[in-house]
Each structure stands twice: as C-alpha cells, then as structure tokens.
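None of the figures in this text is laboratory data; all of them are computed from the coordinates on show. Everything quoted here is computed from the prediction, not taken from an experiment. We place every Cβ from the backbone using ideal geometry, glycine too, and count neighbours over all the protein chains shown.
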Amino acid sequence: MSTINKPFRKKDAMQLVTGQPVYMDDVIPQDCLIVKLLRSPHANAIVKTINTAVAKKVPGIEAIFTWEDVPQDAPRYTQAGQTYPEASPRDRLLIDRHVRFVGDVVAIVAGKDEKCVDKALKLIKVEYGVLEAVLDYHTAKDNPILVHPEDNWASLCPVGADNKRNLCAHDECGAGDIDAVLAASDVVIDHIYHTKACQQAMMETFRTYCSIDTYGRLNVLSSTQIVFHARRNIANALHIPKSMVRVAKPRIGGGFGAKQTAVSEVYPAFVTWKTKKPSKIIFSRMESQIASSPRHEMEIHVRLGATKDGVVKGIDLYTLSNTGAYGEHGPTTVGLSGHKSIPLYGKAEAFRFISDVVYTNHMSAGAYRGYGATQGLFAVESAVNELAHKLNMDPFELRLKNTVQEGDVMPAYYGAVNTSCALDRCLVKVRDMIDWEHKYPARDMGNSKVRAVGMGMAMQGSGISGMDVGSATLKLNDDGFYTLMIGAADMGTGCDTTLAQIAAEVLDCPLDNITVFGADTDTSPYDSGSYASSTTYVTGKATEKCAMKLRGQICKLGAELLECTEDEVEFDGKDVFKSKDPTQKKSLSEIAYASQFGHMVPLEATETHTSPLSPPPFMVGAAEVEVDTETGEVKLLEFDACVDCGTPINPNLTRVQAEGGLLQGIGMTLTENITYDKNGYPEENSLFQYKIPARTDVGKIKVEFESSYEPNGPFGAKSIGEVVINTPLPAISDAIYNAIGTRFYELPITPEKIAMAVAEKQK
C-alpha cells in the first residue's frame, strides 16, 4: 500500500502553524452586527417583566429580542446534533419566558460594535419571579418541582422520557439471572462511583456568523461538528423551511463533542433572519464555562461478582445521569456507561443495566469525547481493580483471564460479535511498557514521596450502528487531479487528510493529487457529522466505495478512447492502458479533458455508507504517579498506552489523537472540577478556576499500537477518537490507592482529598 498506514502531514498543517486566516472570525466580514446574550442570574425563574426601552436608545443598537418575540406555545426544538428522529427531547424555545439555569438566555442584543452592545445589556431591566430550583439530581426524579412543566415539550423517540417526572430518559436491559449469579459469587464488589461534569475547554469558543444570500436564504458559517444537524436545529428553532438555511464550517479550533450541540447558532441566525443584516456571536470563555454543553455528571452503582480465582461472573450497573436544564444527548450518552464497559468481560454469565437521566436546574450537559463510556469505565474498571486487590491478584492477570476475545458474542453490546480484537496483546504490551513487574504496586521513595502504578482498559465504538451515515463525492478535474467533497467535519483531528489517504490508496495517486472540500450543506453529500468515532470507519468506508466507483468510470472512459472494452484495460493511477499492449494508453489528464468534450461518461461519483456494526476499538493504559503524602500533590510521571484501532490509516494522527485524549482523561481524574454554589451558579467560570492540564504538567506519555484487522472498515480500520480518553481515570485512581491505601470513588481526586485521607489513616 502506498498511502495507508503512512505518517503523512496534515493537509492544513502549514496554514495552521503559520497563522493563516482559517478560523471563522478570520474569514468573515468585520462590519457585521455583534450579537450578545443577556443571561439569567437565577436557576429557576419566570421573567415577569422586561424593559428594553432605554437599552434600545443606545447609539448603534440594531435590535433587542426577548421572549415576547418568540411564540411561547410554538413547537420546541433540541440543540443536539443527532440523527432524525432525535432521541433527545424537544424541550427548548429560542428565548423562553421560563429560564431554567443560571446562564439561560433572557434577551438577544445586536448592535454595530461590542461597546454599544455591552452598554445596552446593562440597561435592560428585568423583573424575575424566582422559583425553587431542583439542584440535587438525586431528588430530581418525581420531584414536585418540574424543570419542564410545559405542555409543548415533546419526545420523538421511545426513550422513557416523561417531563412530568423530570425524566429525560429511562432504560433497562440485561441477560441471565444477575441476582442469582451475584448471590453465588465468592466475592462481590459493591460501590457507588461519582464523576462530575467537566468542560471540553477547546481553544476556540462557540461562534457563528450569519448572512442573507442573493436568494434570500439564511447562510450560517459556524464552528460546528454537525452542519446537517445544525441546519435542522436552526430551521426548527426559527420555524422556517430547511430549504432556507445553509450551514457551512471553516476550520474548527477544537470541539471534543461540545460542537456536536448547536450551542451558539440559533441566536445570530434569529437576528439575521429578522433584520436581514449579517451578524456574529462569539462566546466569551466565561459563557463557554457556564452556558455550554459539558460532560454529564453521573453516579454509577456497580455490583460485580467473581469467583475466588478471579473469573468475573456478573455485573450489575445502575447509572443516574444529570442532563441539567435541557436534554441534549441525555438519552444516548447514558447508554454507553454500561454498553461500553460491561462487554469488556467476556466470561460474565449475566448482566443488568438500568439507567435514569434526570432534569435539574443546572447548566445543560451534552457530548464530550468518550460520551458516557468514560464515566462507566471509571466505575467498572475501578471495581475490577478493587477485585484484583481483594483476591491478591495482579490486575493484568485478572483481566487476561476475563477479557473479551475476537469472535465472542457480546450480550451487553447489543448482542454484537467482536469482529476484531487485539485487547489481549494490548494488555501484554502495556505491562512491558510501564515495567509493571518492578514497579507494582508501590515504592517508598523517602521524604514523604511514594511512587505507585495502576492500570485500566477500555472499549468504545466506531459510529452508531444502524444509524450513522457517511458519504463522499469524488470528481476528476482537468490535468488529472481529484476533488473529494465530504460532510464530515475536520476539527483538528485530521480527517480531511485521513479520508484523502483512503481515496489516494484506491486511486493509486499521490496524496497531493486529492483536494478536500467540506463541510457545507449545499455542496457536501449528506453525512451525520464528526462524532461517535464515526469518521474513519463510516465516512472512510464511503470514501473507499466512492473511489472504487470513480476508478471504474475512469477505466470506462479510457476504454472508450482506446476503442476497446472495459475488461481489456487496466488503470495504474497515471494511465489507462490495454492489458495486452501497455504501450497503448491514455493518460489521466487526457481522460479528464475528454470527459469535458464529446463524451457521456461522468467522472464524478457519490457513495454513501452505513454499518449495522460498530466494531469497538480497545485500549489499555497504565499510570505511574508520585504522591506527596504530606501535601497530597500527585505528579504523573509516566502514562503508557496501547491501542487497537484496527489499521491506523495515519500513525501520526492516531498517535496525536491518543496523546490528546490521555491528557484530557488525566485532567478529568486530577484537576477538572465543576461545582455550584447554593443558588446554582457554577463557580469555575474561567480557566483560572477550572484547571486543565498542560503538556508540561505530566511526565512521559507513550503510545503504541497493536493492530487487529476489522473486515468491515476501510483497509481494516476502526476508530480512534474517543477510546483514548477512558483509561487514565481508573489507572490513576488505582495508582493513588496503591500509594496511600485509600480508594476514591469520586473524581477529581484533588490534593486536599489525598492529604485528608492520609491524615485520617494516621489517626
């Protein structure tokens, strides 16, 4: 193979590193209206009166919109980026008289510059009828206080939602008699694990630009992962035909799932649609911290039963998820907490998985890399680590005894067959990488310092089985170069490069011969979007099929020019030639020009792909930490990981994905924290209080690959984007246990918690 599994540089690398204007605010006109939002200071309230008269008199103010400009009895919409019919309830209005969290939208202000808009925001007078808020998600279900009491709330899918019970979703599934299996187990681990909400904290905040085109249509340029879903969301929010909306994206300065929700798009869209003037909104960092789409807070009750020789016999899981004020991704995220953790243990005879997703008056949650699997794997993998310690077994050996194998049926993974798996090889590789034999469990270094190791493993998916659709269009241009048009969104992941590599492999051409254009709802073929680890596996397969189809058309026209049949010619990427006489040939350039004059063979192809399977990538990670038992400080000295993502299309990009995901998982474990005051205000409203790890905060990060071959993926590839965030949580947690002898069931594990735990043991 000439391009697959080769470390090509990203197509946009030079533009990015040289600071070329590629992001949204770089490429739009600077004389558009500035849009900002007046946000609620209350967690639950009714806007009794709102006076904008004085604010409208500020010079430069174009318009101020309030709930009075939005029909309150109109159909509601969801901001979630997901396939229709949406699983997330339609529970939003563009501006609602009933505000449901601190930061909810009260008014939209548009003016010629920031100065006048900021002044007008301060002059709006609002009288609130403050209501009692639901701030404890443990008491939300069937609480007499309803977050969504309205009658125009709607759920399109049977996900167990009931707004009159504060339920966004409920589900139950299982196999075997879990109660009997647990009762017969020699050892049962029974604990509740708590993961708080955490922010994606991408460098580029939410931002959108809108204008009216020549045909009176609303054109939206937005930093988004979901151009097609965003089009639907915007049209539903504004109650206008989808044909009147076009959505495109520039380069995205990071998303990590946050931009799978249309957080910012509807507000400038509304302004532009009403005023017919271009407008833009750029969220401040504070807005991105208090009114965005963080990871769902979850509490997970695990009961895990095993034999005394370490065979896991059954897993019982109950997940309580806090979706916040609105239900974006609530019904779908929670499922992964069980379906992407329980199947790792292939010897289990029974499982049960029950989940509730509840509304509260907190900031609405959304999609974040790992998408619920992260929370579930922290719980299950921590329980397995505790089991290993209780049985005095090596955690690696225990997992090797239990791990799912290639060819196994996975009842907890919707009954799917494990079609490709190198998890056992990943376990062996990581054990050697970290030098586990010599470091486990801990070493006292003196001077109050203890070094210790811990490990965990993970699985994810490759797209949403039976739902996600990826498409690609390829065309041959003058001089023999290709244009690849996609609907998937490159958000720094390098998917433009990866998909071009797949096309180049099929077409036998250099990577530079493929230009990539995407994503634009007017010109791109339909694609669900870049989320759920779907791009390489789903859109990549569509690209492979599309390139094969175009290759056939090139051969057809080449044969026509050579005056022979298609089965008499071959194509080597440069020429179409006769098999029996290679000297008789037509160059790719000649064929391209011929298609433009006097011939009827189109040198353009579009293919779509969906998969009934979502083959999981697997990963194993191990951490070495140094804990200061006096201060509670944790230093991550080394994190080693091995990933089975099938065939890595581009090893450089897969490695970078893994390293970035590990860093985010490290932050979630040790430093990233969202807390609320008694009134429901998020206290970490900037990156001064919300601590994300920098590369310099951690020691060595080493990533290796053990490749399986996924027969249903492009050239054997699976996914890489999400699985990489999951292993630091259980690995670091167990390393800290090995250092100080105290287990933590809640993240993050801060120095204060560690110091207090050490002091408690010393009493």
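Couple of notes before you dig in:
- Along the chain, longest interval not containing exposed chymotrypsin sites (Phe, Trp or Tyr not before Pro), exposed being DSSP loop plus at most 11 other Cβ atoms within 10 Å: 216-596
- Ranking Leu662, Asn673, Pro648 by Cα position along the charge dipole of the stretch 618-675, where only Lys, Arg, Asp and Glu carry charges on their C-beta atoms, puts Pro648 farthest toward the positive end.
- Ranked Met14, Met457, Met298, criterion: other C-beta atoms within 10 Å, fewest first: Met14, Met298, Met457
- Radius 10 Å from Cβ of Ser155, net charge of other residues (Lys, Arg +1; Asp, Glu -1): -2
- Projected onto their three principal axes, the Cα atoms of the stretch 518-623 cover extents of 61, 36, 26 Å, largest first.
- Three-way shape label, the stretch 235-311, alpha-carbon gyration tensor, a/c 1.5: prolate
- Rel. contact order, % - alpha carbon contacts under 8 angstrom, at least six apart, the stretch 464-610: 33 percent
- Gyration tensor over the Cα atoms of the stretch 178-259: the corresponding equivalent ellipsoid has semi-axes (square roots of 5 times the eigenvalues, largest first) of 46, 18, 9 Å.
- Over the chain, relative contact order from alpha-carbon pairs under 8 Å, at least 6 apart, %: 15 percent
- Under 21 Å of direct C-alpha separation, and excluding same-chain neighbours fewer than eight residues apart, Lys678 reaches these lysines: Lys141, Lys196.
- Expected 222 nm ellipticity per residue - DSSP helices of 4 or more, -39500 (n - 2.57), all of the chain, to 500: -7500 deg cm²/dmol
- Of Lys125/Lys259; Lys6/Lys249; Lys112/Lys276, pairs whose Cα-Cα distance is over 22 Å: Lys125/Lys259; Lys6/Lys249
- Mean shadow area of the stretch 52-190 over all directions, Cα convex hull, nm²: 13.4 nm²
- Rg to Rh quotient for the chain, alpha carbon positions, Kirkwood Rh: 0.99
- Along the axis of the charge dipole computed for the chain (Cβ charges of +1 for Lys and Arg, -1 for Asp and Glu, origin at the Cα centre), the listed residues Asn477, Gly176, Ile46 are led at the positive end by Ile46.
- Compactness of the stretch 138-195 - radius of gyration and Dmax, Cα, Å: 17.1, 52
- The charge dipole of the stretch 464-610, taken about the Cα centre with unit charges on the Cβ atoms of Lys, Arg (+1) and Asp, Glu (-1), comes to about 180 debye, rounded to the nearest 20.
- Within the stretch 664-745: Cβ-based charge dipole about Cα centre, in debye rounded to nearest 20 (Lys, Arg +1; Asp, Glu -1): 160 debye
- Lysine pair number, Cα distance threshold 15 Å (strictly under), the stretch 464-610, separation 8 or more or different chains: 11
- Three-way shape label, the stretch 236-392, alpha-carbon gyration tensor, a/c 1.5: prolate
- Other residues whose C-beta falls under 12 angstrom from the C-beta of His301 contribute a net charge of -2, scoring Lys and Arg +1 and Asp and Glu -1.
- Percent antiparallel among DSSP beta bridges (both partners in the stretch 601-753, rounded to 5): 65 percent
- Electrostatic tally near Glu62: other residues with Cβ closer than 10 Å to its Cβ, Lys and Arg +1, Asp and Glu -1, net +4.
- Cα-Cα over 31 Å, subset of Lys48/Lys164; Lys635/Lys718; Lys57/Lys277: Lys635/Lys718
- Gln596 paired with Lys401, simple spin-label distance in nm, labels 7 Å along Cα-to-beta-carbon: 6.9 nm
- Proxy reagent accessibility, fewest Cβ within 10 Å first, across Val311, Val130, Val723, Val620: Val130, Val311, Val620, Val723
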